[in-house]
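The structure appears below as structure tokens.
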Amino acid sequence: MSARELDRFQIIKKLIGRHINGTKAAGLLCLSVRQIRRLKAKVRQLGPKGLIHGNRGRDSHNKIDNDEKNKITELLRQRYHDFGPTFANEKLFENHGIKRDPKTVRQIMIGEGLWKPRTKKQASVHRAWRERRACYGEMIQFDGSYEHWFEDRNNTGEVCLLAAIDDATGRVVSLKFAEHEGVFPVFGFWQEYLVKNGKPRSIYLDKFSTYNINHKLAKENNDTLTQFERACAELRLEPIKANSPQAKGRVERLFETLQDRLIKELRLADISTAETANIYLEKTFIPQFNARFSVEPRNKTDLHQKLNQREIKQLPGIFSRHTKRTILNDFTFSFKKQWYQLTKEQPATVCKKDIVIVEERVDESIHLRLKNKYLNYKLLPVRPPKRSKSQPWIIAKTTEQINLSKAHLPPPNHPWKLSFHANTRAKQNTQVGHFKIPESRTF
């Protein structure tokens, strides 16, 4: 008997002994007088056992059959040993046609040692609640998560998952596996997002180095932007930077759910590569996830702004790494240890010392832009030689080159020289014979 039943027995025994009346006993036990009469009759008939509930020790009418329980236990141990009770219950129904209450599966897992009940969380720092945005596309929360998504199958190791979730509906708009959360994977993610869904009003993200300049000195200059901030400014998107993970809790909670559910879904589907996983995410996982967890927005308006064909053509140039270069006097420029030569035909006038923008795009191609025009160029195999400011006075030559360059000097007794000297002497003698010495003049 429980302590409560023992207390009731003491009061009922005094009531039977006429030490108190029924009204007093009802007040002491917080029961009605009618209930006191029923308990008094039970005690007189069965003694103390009359206060024990009749169903105690009996099997419930809703008790699960032992054969079914053994089948569930076997499946849980073989295929769903690391699943949570709710997720395991879903998979039992989807894959095996076993429909039971999640609490029933939870009790079986606790009894088999497959699930440990969670302890109550300690009180954390108080944070103010923020209401969801009203419209779909008004704010998209974006982040990346590094995890062993494929459980090291094929030695994949940690892989980065980029995720975008709508704040108003909790709907996963896009998921994509990438090598890392750097500039080019993020640019590729958002280029595909904008083509498919259009431009959202704002993007809520953290202060990772891809999105925010974290150097103390650079923070003082408001004109210094990251490549992502520059792209958002060109697209007129508003990037909102969270000061804590809790501030963008919707996408953080999404990753907590995905690290439990998505890893197991990829295991059941026998997927171990990022390319196959991206196809599975788009066609299967995201629609099922949104059907189960998304909610209706307060306003049915979709604030995504669709792009026209001109804006879509401009996206590769916007979502590229921009670097400034100066055109040299010979119309060449260098980029990443490579030299490039501008061709003669150009869509815009190019002058020496012009500052051009080198676009390094997601597809690893290089484009050169000046005054919103893309210039024509060719890759040089070697660095162009530097021109000397003055010609050298002495040019080094080989002995053969020197011998070939010397003029032929005839000997003194050469006929040409003999005739030349004879004619010279005859001419001198003639001039001396006709020469008259002038008379002296008196001054």
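The values are calculated or read from the model by the stated rules, or taken from the named source; none is laboratory data. Given the structure is predicted, the values throughout are model-derived calculations rather than measurements. Here Cβ is always computed from backbone atoms with ideal geometry, including for glycine, and neighbour counts include all displayed protein chains. Accessible surface is based on the protein model in full, side chains and every heavy atom, while ligands, DNA and RNA are left aside. Shrake-Rupley method; radii C 1.70, N 1.55, O 1.52, S 1.80 Å.
Out of all the residues in region 263-286, is one or more of a type in the set (Lys, Arg) and in contact (Cβ under 8 Å) with a residue 40 or more places away in the chain? So far as region 263-286 goes, yes, one or more of its residues are of a type in the set (Lys, Arg) and in contact (Cβ under 8 Å) with a residue 40 or more places away in the chain. The lone criterion from (1) of a type in the set (A, V, I, L, M, F, W, C); (2) touching a Phe, Trp or Tyr at 6+ places or on another chain (Cβ under 9 Å); (3) outside any loop (DSSP other than H, G, I, E, B) left unmet by Ile271 is number (3). Consider Leu254 carefully, then state whether it is open to solvent by less than 30 Å² (accessible area, probe 1.4 Å), in contact (Cβ under 8 Å) with a residue 12 or more places away in the chain and closer than 25 Å to Ala88 by Cβ. In short, yes. Which of the following residues is surrounded by 10 or more Cβ atoms within 10 Å (Cβ to Cβ), within 38 Å of the chain's Cα centre (by Cα) and either closer than 27 Å to Glu296 by Cβ or free of Cβ contacts under 8 Å to residues at least 24 places away in the same chain (or both): Leu46, Leu76, Leu114, Leu92? That would be Leu92, the only listed residue that is surrounded by 10 or more Cβ atoms within 10 Å (Cβ to Cβ), within 38 Å of the chain's Cα centre (by Cα) and either closer than 27 Å to Glu296 by Cβ or free of Cβ contacts under 8 Å to residues at least 24 places away in the same chain (or both). Here is the figure for region 129-162: residues that are closer than 14 Å to Ala274 by Cβ, in a strand (DSSP E or B) and not hydroxyl-bearing (Ser, Thr, Tyr) total 6. Within region 292-299, identify whether any single residue is in a helix (DSSP H, G or I) and either under 30 Å from His148 (Cβ atoms) or at pLDDT below 90 (or both), and answer yes or no. Taking every residue of region 292-299 in turn, at least one turns out to be in a helix (DSSP H, G or I) and either under 30 Å from His148 (Cβ atoms) or at pLDDT below 90 (or both).
The number of residues in region 56-73 being open to solvent by 90 Å² or more (accessible area, probe 1.4 Å) and either of a type in the set (Ser, Thr, Tyr) or free of Cβ contacts under 8 Å to residues at least 24 places away in the same chain (or both) comes to 9. Quick check on region 225-244: of everything there that is assigned to a helix (DSSP H, G or I) and free of Cβ contacts under 8 Å to residues at least 40 places away in the same chain, which residue is surrounded by the fewest Cβ atoms within 10 Å (Cβ to Cβ)? Once the filter is applied, the top-ranked residue is Ala233. Condition check: part of a loop (DSSP other than H, G, I, E, B) and within 19 Å of the chain's Cα centre (by Cα). Does Gly170 satisfy that? Against the criterion (part of a loop (DSSP other than H, G, I, E, B) and within 19 Å of the chain's Cα centre (by Cα)), Gly170 qualifies. Whenever a residue of region 17-32 is farther than 18 Å from Gly47 by Cα and among the polar types (S, T, N, Q), its partners that are in a helix (DSSP H, G or I) and open to solvent by less than 40 Å² (accessible area, probe 1.4 Å), lying with C-beta atoms within less than 8 angstrom and at least six residues away or across chains, give the pairs Asn21/Leu15; Ser32/Ala26. Of all residues in region 313-332, those satisfying the criterion of being open to solvent by 50 Å² or more (accessible area, probe 1.4 Å) and outside any strand (DSSP E or B) are Lys313, Gln314, Leu328, Asn329, Asp330, Phe331. Within region 300-312, the only residue that satisfies the criterion of being part of a helix (DSSP H, G or I) and β-branched (Val, Ile, Thr) is Ile312.
Selection of helices (runs of 4 or more DSSP H) fully inside region 1-110 by the criterion of at least 2 residues being in contact with a Lys or Arg (Cβ under 7 Å, 6 or more places away or on another chain) and closer than 25 Å to Ile263 by Cβ returns 85-96.
Residue by residue, here is whether (1) open to solvent by 100 Å² or more (accessible area, probe 1.4 Å); (2) aliphatic (A, V, I, L, M); (3) assigned to a loop (DSSP other than H, G, I, E, B); (4) modelled with pLDDT of 80 or more holds:
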residue: Trp339; (1), (2), (3), (4): no, no, no, yes
residue: Val358; (1), (2), (3), (4): no, yes, no, yes
residue: Pro384; (1), (2), (3), (4): no, no, yes, no
residue: Arg387; (1), (2), (3), (4): yes, no, yes, no
residue: His408; (1), (2), (3), (4): yes, no, yes, no
residue: Lys436; (1), (2), (3), (4): yes, no, yes, no
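When we screen Glu151, Glu131 for residues that are farther than 30 Å from Leu76 by Cα and either open to solvent by 30 Å² or more (accessible area, probe 1.4 Å) or not acidic (Asp, Glu) (or both), the only hit is Glu131. When restricted to residues that are over 17 Å from Thr326 (Cα atoms) and hydroxyl-bearing (Ser, Thr, Tyr), region 344-372 contains 1.
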